[in-house]
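For reference, the structure is listed below as C-alpha cells.
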Amino acid sequence: MTSGTEVRLVDLHRAYAGVPALDGLDLRVEPGEFVSLLGPSGCGKTTALRVLGGLETVDRGQVLVGGQDITDVPAHRRDMGMVFQAYSLFPNLTARDNVGFGLRLRKVSGKDERRRAGELLELVGLGAQAAKYPHQMSGGQQQRVALARALAIQPRVLLLDEPLSALDAQVRVQLREEIRRIQTELAITTLFVTHDQEEALAISDRVGVMSKGRLEQLDAPATVYRQPATPFVAEFIGVTNSFAGTVADSSVVLPAGSRLPARVVAAHPAGSAVRVLVRPGDLQVRTDGPGQLSGTVLTQSFLGPVTRLSVKLPSGDVVRVDVPSERAAATPTGAPVELAVDPSAAMLADARG
C-alpha cells in the first residue's frame, strides 16, 4: 500500500528562448489527491509535470515533496512513477518483465520481483497476459502494463502525461476509470496532464486550468464547471455561449434591450461593450412570455436526454440551448423562440475585436 505524499510547486519560473512556459506557478497537491491540469497548448501543464518529475529544470522556484526540497534532486532519485502517451515498453521483454524492470534496477530479488510484478498485473487486470510481449497486446493493454510498471517501484507520486490520448474512445473511458480505481485503492498522490476536459472532470479530485504558465483556477470539477473563476475558465471548460452586451450601472443591456444582472460587472466600466458568457444549460426556452433574448432556431442536435438547439439572435450571434429531448418537437427548425438567461450563471468578458 502506497501512502499519499504532499506535493508543492512554489513560484516556478521556466522560459524557453525567452518565452515563459511557467510564470510563477504555485500548486499544492494534497496527500493521496488526484489533480488534473488542463489548458491550451503551450500553457505550461506538461512543463509543470516534467519539472516535478525532474525531467526539466526551473529558472526559479521550488519543488517540495513530503516537505523536502527536491528542486535539484535528479529524476532517478525522486521516486516518481511516470506514464506517458507513448507506452515505451521494452519490445523484447514480456509484460511481467517490463513491470519488474524497475525492481531489478533496485536490486530486488528475483522471487520478490516476480511476485510484485504479478500482483501489479493483477491490479491492472492483466494477470493472464503476464507472458505476452508488447506486440501481442492491444494499445490499451500496453498502457496498463506501463501503469503497472510505474506503480511497481511504489513511487511517492504518480505522474501521468496524456496517457490515454493514443487510445480509442471506448478504451480511453475504460482505462481512465481503471486508473482512478487503482489510484484510490493505493491512495497515491497523482498529477495528471490531459487535453481532454471530460477526462479531467470525470476522474479528478480537483482540476487546475492553466493559461500562460499560471493557474487560472484549481477547484473540484463541479466548481470549475459551474462556478468558473475567470472568463478564460468559463470559455475553456465545456461549451459556452458568447453574445454581445453593454454594461449599464450594475447590469448588462442585452441586444433585445432587456437587462441582466451578471457576475463581475464591476470589472467593466459603464458603457463598455462586453461579451456575456453562459452555458447552454443556463438558457431556457420560455413558454409563458417574452425572455431576455429572442431568436430563431437554426438547427437541432439530438444528444440523448437533451437536444441542443442552435438559435440565431438578431445581433447575428448564435447561441446553443439545451432542452429536454421530449420537448424538442415544440421548437423545430425555423421556429421563433424566447430565451431566459440564468443571471447567477452569466459572466462577462471583454468584447472581442
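Every number in this text was worked out from the coordinates using simple rules, so none of it is lab data. All figures in this text were calculated on a predicted structure; none of them were measured in a lab. Cβ: placed from backbone, ideal geometry, glycine included. Neighbour counts: every protein chain shown.
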Worksheet entry | Peptides ranked, highest mean first, by Cβ atoms within 10 Å: ranges 213-226, 72-85 | 213-226, 72-85
Response to the item:
Taking only the alpha-carbon positions of segment 31-108 as identical scatterers, the Debye log10 I(q)/I(0) at q = 0.13, 0.17, 0.20, 0.28 Å⁻¹ comes out as -0.55, -0.89, -1.10, -1.37
Worksheet item: Using the Kyte-Doolittle scale, which helices in the chain average at least -1.0 and also have C-alpha atoms spread 24 Å or more along the helix axis, with helices defined as whole DSSP H runs?
Response: 169-186
Worksheet item: Taking springs between alpha-carbon atoms closer than 10 angstrom, which of Pro314, Pro255, Pro163 fluctuates most in the Gaussian network model of the chain?
Response: Pro314
Worksheet item: Across segment 237-247, in residue order, what do the Karplus-derived ³J(HN,Hα) couplings come to in whole Hz, using 6.51 cos²θ - 1.76 cosθ + 1.60 with θ = phi - 60° and x for Gly and Pro?
Response: 8, x, 8, 10, 6, 9, 9, 6, x, 9, 6
Discussion item. Can you find, among Ala330, Val209, Ser272, the residue sitting farthest towards the positive end of the charge dipole of the chain, where Lys and Arg contribute +1 and Asp and Glu -1 at Cβ?
Written reply: Val209
Item to complete: List the aspartates and glutamates whose Cα lies under 16 Å from the Cα of Lys107, skipping any in the same chain that are fewer than 8 positions away.
Response: Asp79, Asp97
Worksheet item: Which of Gly127, Gly139, Leu105 sits farthest toward the positive end of the charge dipole of segment 100-141, with +1 on the Cβ of Lys and Arg and -1 on the Cβ of Asp and Glu?
Response: Leu105
Worksheet item: Hey, any idea what Rg/Rh is for the chain, computing Rh the Kirkwood way over Cα pairs?
Response: 1.07
Worksheet item: Counting Lys and Arg as +1 and Asp and Glu as -1, each charge on the Cβ, what is the dipole of segment 160-226 about the Cα centre in debye, to the nearest 20?
Response: 220 debye
Discussion item. Springs between alpha-carbon pairs under 10 angstrom, Gaussian network model over the chain: which of Pro134, Pro324, Pro40 fluctuates most?
Written reply: Pro324
